1. Confirm whether SER85 is over 14 Å from the mean Cα position of the chain (by Cα) and modelled with pLDDT under 95.
2. Could you pull out the residue among LYS27, LYS23 that is in contact (Cβ under 8 Å) with a residue 40 or more places away in the chain, surrounded by fewer than 20 Cβ atoms within 10 Å (Cβ to Cβ) and of a type in the set (Lys, Arg)?
3. What residue, among those in the range 127-145 that are surrounded by fewer than 19 Cβ atoms within 10 Å (Cβ to Cβ) and touching a helix residue (DSSP H, G or I) at 6+ places or on another chain (Cβ under 7 Å), is nearest to LYS26 (Cα to Cα)?
4. Please indicate, with yes or no, whether at least one residue in the range 49-65 is within 15 Å of PRO141 (Cβ to Cβ), surrounded by 17 or more Cβ atoms within 10 Å (Cβ to Cβ) and at pLDDT 90 or above.
5. Tell me which residues, restricted to the range 110-124, are part of a helix (DSSP H, G or I) and surrounded by fewer than 21 Cβ atoms within 10 Å (Cβ to Cβ).
6. Of these, LEU29, LEU107, LEU92, which one is part of a helix (DSSP H, G or I), under 17 Å from ASN164 (Cα atoms) and of a type in the set (A, V, I, L, M, F, W, C)?
7. Tell me which residues, restricted to the range 30-47, are touching an Asp or Glu at 6+ places or on another chain (Cβ under 6 Å) and touching a residue at least 60 places away in the same chain (Cβ under 8 Å).
Amino acid sequence: MKNKKNILFVCWGGIIRSVTAEKYLKKLLEERGELDGYEITAAGIQGSADTPPTEHPRIGDYTEAWKDLKRPTEAHGIDINDNVSTPITRELMEAADIVFSMDRKVLKEYDDALYNQFPDFKDKIHMFTELDGNEDGINDPYYMSGPEARKHAIDEIVRIVSENVDKIIDWAK
């Protein structure tokens, strides 16, 4: 039996950006008939390294943000509200063949950032937007004002995943 490749997306709370990337990549790989070869997961740094977890484990519990995020995620054929926030763990990092950080803060600026918690895994951690040729990251839609800004963040994640499926697969090898 062939081992599955493990792809991990990580954001701050593990309820919007990483989940959008996870769900959309799964959708695309399923459409291509290739999903069985991959384990794709999402996590957040919030709730790890002795930090408090997200106030609510699902984005739908944040009424104002969910109101703006529901339509754009559903328009892309994914439901991120069925996800429960999962804090990043050493086990998730060990299992991952590649890890994508959704922004620079999650990568290395927060006290509980990936580089700070898991310096021994730096070689497999990448900025998500490296796939698109830059390291700007995707800002957290939770902290954005208004539906258009939040929709734009979701659309950017979907675009980057869609345009880079083969690159994601190649990087996981």
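The values are calculated or read from the model by the stated rules, or taken from the named source; none is laboratory data. Predicted, not measured: the structure shown is a model, and the values here were computed from it. Cβ sites come from the backbone with ideal geometry, for glycine too, and all protein chains shown count toward neighbours.
1. No; evaluated as a whole, the condition is false for this residue.
2. LYS27
3. Of everything passing the filter in the range 127-145, LEU131 is nearest to LYS26 (Cα to Cα).
4. no
5. Answer for the range 110-124, where residues must be part of a helix (DSSP H, G or I) and surrounded by fewer than 21 Cβ atoms within 10 Å (Cβ to Cβ): TYR115, ASN116, GLN117, PRO119, ASP120, PHE121, LYS122, ASP123, LYS124.
6. LEU29
7. Listed by number, the list holds a single entry, ILE45.
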